[in-house]
Amino acid sequence: MASERLDRIRLSGDVPNHVAIIMDGNGRWAKQRGLPRQLGHREGMKSVRETIEGATEAGIKIMTLFAFSTENWNRPQKEVASLMSLLRRYARKELDSLKRQGVEVHVLGEAERFDDRTRDAVAMIVDGTKGGGTLRLNLMISYGGREEILRSVKILAERVAQGELTVDDLDEDVLHQTLFTVNVPDPDLLIRTSGEYRISNFMLWQIAYTELHITPILWPDFNREHLFEAVLDYQRRDRRFGLIGVS
């Protein structure tokens, strides 16, 4: 059965090129059901699959998912190990489906912190989906917005010290070239699930003019219809980028 929301999106034509999502609420979803947090994370994998399929249907070209923050390394070791195991499982289980759908996966973040097995799984899904032309999927893993900006500052400071750049050369474009999201346009729409009104250290540089959509839905309950509703909300916005709108 065709989705009424999807039909409305297609009639409007103004589809966000890049959608980013803070996937929040796995732990609360599990707690509400008296289940271990790990099962909430596992259930969230289904929402990842559902959202990717919805994105391709809606014509979204880039999707960025906040999967694991730098702060998450401070969680109990058992939970961190479970999340890494889940990432490896996702890579194995979803690779063929992603290739069929034309999804090209990029994993962005401090990959050097992964253990060898997780690093191998990441390489497998990235290499195995190269060339997918329908959707670019950015999985932000071991990522933090402040850490990304600090990393860029250090890179640029080193280039200035080496004489490759002068201070006068530094501008937004130069800094952008040092970000994990180099060559990726900024998000048009940021969705946060679970009803929290926080950015949580996510893409702090990139979302300066991004439209925000907050939904109370916990991530494991999020599906393509919720994605479509967020896109419809976006289509109702008047994006000004700091300028005066047309009256």
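Here are a few things to note about the model shown:
- Here the label points at residue 149 and residue 208, each 7 Å from Cα along the C-beta direction, are separated by 1.1 nm in the simple model.
- Inter-probe distance in nm under a simple model that places probes 7 Å from Cα toward Cβ, at residue 198 and residue 14: 3.2
- Per DSSP, loop GluC sites (Glu not before Pro) in region 148-218 with at most 14 further Cβ within 10 Å: 164, 196
- Loop-resident chymotrypsin sites (Phe, Trp or Tyr not before Pro) (DSSP state other than H, G, I, E or B) in region 169-234 with no more than 12 further Cβ atoms inside 10 Å of their Cβ: 197, 209.
- q = 0.21 Å⁻¹: log10 I(q)/I(0) that the Debye formula gives for region 1-148, counting C-alpha atoms only: -1.41
- Between residue 232 and residue 3, the contour length at 0.36 nm per residue exceeds the alpha carbon distance by 81.2 nm.
- Estimated inter-spin distance, residue 28 and residue 75, nm [label 7 Å along Cα→Cβ]: 1.5
- Counted charge near residue 133, where neighbours are those whose Cβ lies closer than 10 Å (Asp, Glu -1; Lys, Arg +1): +1
- Net +/- balance of residues flanking residue 55 in space, Cβ distance below 12 Å, scoring K and R +1, D and E -1: +1
- Residues with amide H under 5 Å from that of residue 212, placed H, sequence gap 5 or more: 190
- For the chain, the alpha carbon positions stretch 60, 55, 35 Å along the principal axes, listed from largest to smallest.
Bear in mind these aren't lab numbers, they're just calculated from the coordinates by the rules spelled out. Everything numeric in this text was worked out from a predicted model, so none of it was measured. Heads up, the Cβs are rebuilt from the backbone with ideal geometry, glycines too, and the neighbour counts pull from every protein chain shown.
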